[in-house]
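Peer 1: Shown below is the structure under consideration.
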Amino acid sequence: MVTMNKMNFAEFFAGVGLVREGLRLHNWDCVWANDISEDKRDTYVENFTHDDFHLEDIWEIVNRSSTIPDQVFLYTASFPCTDLSVAGGRKGLAGAESGTLNAFLQILKKKQQTGAHPKVVMLENVAGFLTSHKGKDVAFTVAVLNDLGYVVDIIELDAAYFTPQSRQRVFLIAVESELAQENMYIKEKYSFFDSWWINFHKNPKIRSSKVEHIIKSSPHLHWGLLDLPQPHNNAPNLNEIIQIEIPNDSKLWWNDTRKEHLYSQMSILHKETLHAMIEKSRYSYGTVYRRMRKGKSMAELRTDGKAGCLRTPRGGSSKQILIRAGFGSWKVRLLTSREYARLQGVRDTFILPENASKGYFAMGDAVCVPVIEYISEYILLPLYKRYLVAHPSAERLFANF
C-alpha cells in the first residue's frame, strides 16, 4: 500500500493560480510558479504565497532553468491562447504570445539533459490549438515532447460538465515513457486499424474527430491513451451562481437607454424569448453575448442555464451581459467578477482584485477549477501512486520542499 504525502508541481503561466486552486483539493504542493503579469501576481500572492512565485518573462527563465527545483513530479503550463484564436489572427506558435510555449519546451529540454525533468507534463489551451496551422502546431508540440521521452495523450474537457459555463479546453498530458508503459494504452507506430482505436473511440466527448485527425496525420509520433471516465454532467444552473443580493437600485443595472439599445440588437427570435421570460411570475436569468454577424453587432440571448465562454476584454472579446426578467419587467447588467469566478468554479473566499476590470481579466483568462480537479483525480493522482509503487524512495524526493 502506498503512503501518500504531498505531491509537488511547478506551475508555468500561472495567472492567478487556478491550476493550483484545482490541485489543492488533492494536496498537490506548488514549489515554483511563474507569470509575467504583475496584476495576476498580486492576486496569486493574495491567495497563496509570494515565496514560490517568480514574476518574469519565461524567455528569461530559459537561461536560468537551474532556479527551478529539480525533484518535481509535475509541470503545468497554461500558455497564452491569443495567437491560437481568430481574434489573435491565428498565428499559432509562430505568434509572440502563444509562441512562449517554445520557451517552456526549451526549459523542459534543459531539465531533461540533466535528468531533472518532471515525470508528467500538462499543457492547457483553447480548442483552437487543435486546428492551428491545420493541426501542425499540436503535432510539432507532441514531437518535441516525444523527443524528450514522453508519450502523449490529448483530451478535451468542457467546463459545462462542472459549472454553468460552456468552455471547451484542450489538455496535452505527457507521461515519461517508463511510466506510460504501465499506465497508458500505447499506439503502435504507423498502425491505422489496430485495437488501439477501440479504446480511442470509447469516449468521443473527450477525444473528438479533430484529435483523431491529428493522430492519423502523425502516425510516427508516440501516442498513448489514459483510461478516463466520462464526466458526469452535474453542473449547477446559472440561477444558482447569480448574486441575487444586488439591489434593484444598484448602479450596476443599466439605464433604460442602454437597455433598449441592447434590445434593438437582438434578433426577432431572441426578442420573443425575452418577452416569454418577462411574462413569467418568477425571475429567470439569461446571458447575452455581442457578436458580429454579417458585419452587424448582434446581441445573442442564451437561456439554457449556462453562460457562454468567459473571455478577457482584449482581442475584440466583450464581457458577458446578464438579463433578469419576470413579473412583467426586465433588467440588465454585466456579470460581476465574483459571478465570473463562480462560473470558473472558484470558491467565494478566493480574493479577487478590487478593480472589476482586473477581476474580469483574471477570471476570463483562467482555467475552470473543477476541470483541474477531475484531471487530478483521474489522471495525475493515479500516475503518482503508480510511480511510487515502482519507485517507493521517490516519495521522499518529491516531498522535500
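The values are calculated or read from the model by the stated rules, or taken from the named source; none is laboratory data. Since this is a predicted model, take the numbers as computed values, not measurements. Note that each Cβ is placed from the backbone with ideal geometry, even for glycine, and that neighbours are counted across all protein chains shown.
Peer 1: So the check is Cβ under 6 Å with 6+ separation or different chains; which pairs have a first residue in the stretch 221-244 that's among the aromatic types (Phe, Trp, Tyr) and a second one that's crowded, with 17+ Cβ neighbours inside 10 Å and part of a helix (DSSP H, G or I)?
Peer 2: Matching pairs, first to second residue: Trp223/Ile215.
Listed here are the residues, each with its yes/no results for (1) in the same structural domain as Tyr387 (by TED's automatic domain parsing); (2) surrounded by 22 or more Cβ atoms within 10 Å (Cβ to Cβ); (3) within 16 Å of the chain's Cα centre (by Cα).
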| position | (1), (2), (3) |
| --- | --- |
| Lys110 | yes, no, no |
| His117 | yes, no, no |
| Val126 | yes, no, yes |
| Lys134 | yes, no, no |
| Val138 | yes, yes, no |
| Ala143 | yes, no, no |
| Asn146 | yes, no, no |
| Leu157 | yes, yes, yes |
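Peer 1: Let me ask another. Among Lys259, Lys271, Lys210, which is in contact with a Leu (Cβ under 6 Å, 6 or more places away or on another chain), within 30 Å of Lys294 (Cα to Cα) and not hydroxyl-bearing (Ser, Thr, Tyr)?
Peer 2: Lys210
Peer 1: Residues in the stretch 170-189: is at least one under 24 Å from the mean Cα position of the chain (by Cα) and more than 25 Å from Arg386 (Cβ to Cβ)?
Peer 2: Checking the stretch 170-189: not a single residue is under 24 Å from the mean Cα position of the chain (by Cα) and more than 25 Å from Arg386 (Cβ to Cβ).
For (1) farther than 24 Å from Asp256 by Cα; (2) in contact with a Pro (Cβ under 7 Å, 6 or more places away or on another chain); (3) buried (at least 18 other Cβ atoms within 10 Å of the Cβ); (4) not assigned by TED's automatic domain parsing to the domain that holds Glu260, each residue gets a yes or a no:
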position	(1), (2), (3), (4)
Ile323	no, no, yes, no
Gly326	no, no, no, no
Phe350	yes, no, yes, yes
Ala366	yes, no, yes, yes
Ile375	yes, no, yes, yes
Leu380	yes, no, yes, yes
Arg386	yes, no, no, yes
Val389	yes, no, no, yes
Pro392	yes, no, no, yes
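Peer 1: Then there is this: Please specify each residue of the stretch 364-384 satisfying the condition of being modelled with pLDDT under 95 and assigned to a helix (DSSP H, G or I).
Peer 2: Result: Gly364, single match.
Peer 1: Being of a type in the set (Ser, Thr, Tyr) and assigned by TED's automatic domain parsing to the domain that holds Arg282 is the filter; apply it to the stretch 218-260 and report the residue that is surrounded by the fewest Cβ atoms within 10 Å (Cβ to Cβ).
Peer 2: This residue is Thr257.
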